[in-house]
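Okay, structure first, notes after.
Values quoted throughout were computed directly from the atomic coordinates according to the rules given, and no laboratory measurement underlies them. Small disclaimer: the values here were computed from a predicted structure and weren't measured. A quick note on method: Cβ atoms are made from the backbone with ideal geometry, for glycine too, and the neighbour counts reach across all protein chains shown.
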Amino acid sequence: MKKRFPTRLVGGSQAMMASLGYRYHCVEDGRPCYHRAWNDQPFPRFHAYVAEEGGWIEIELHVDALDPILHQGNHHQPWAYAGGRVNEEMERITNTLNGTAPLPHVAGSERRARKNHPARKIKNLIDLLFF
């Protein structure tokens, strides 16, 4: 999946990709490439080629996965370039670069109903009868 973005960040593509959580890997076909892991394993991972041209940055994104039986990559598979996780990741990149990324969810930040708040509990029979 390819998408173009206007160059806005100081530092060019390397600073932009670092801000998105990608690590520089190498240069292939004259374009720098970056990886972002899904988990603590080397595969699967997102693999992005970045090209800078005339005030634009083009990101070509796909999934790198390794077949554990054949020990081959997946570059010939159509699912590696579009759909599912690739679309979600490109949407995350787009939203982040446009400044419209949703705020991350922080566990426990929801407001809970205070039905069982200690101040509302009746402590004993005397409180019930006389207060």
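The chymotrypsin sites (Phe, Trp or Tyr not before Pro) of the stretch 1-68 that DSSP puts in a loop, and whose beta carbon has at most 16 other beta carbons within 10 Å, are W38. Evaluating 6.51 cos²θ - 1.76 cosθ + 1.60 at θ = phi - 60° for every residue in the stretch 15-28, the Karplus couplings come out as 5, 5, 5, 5, 5, 8, x, 9, 10, 5, 10, 6, 10, 10 Hz, glycine and proline recorded as x.
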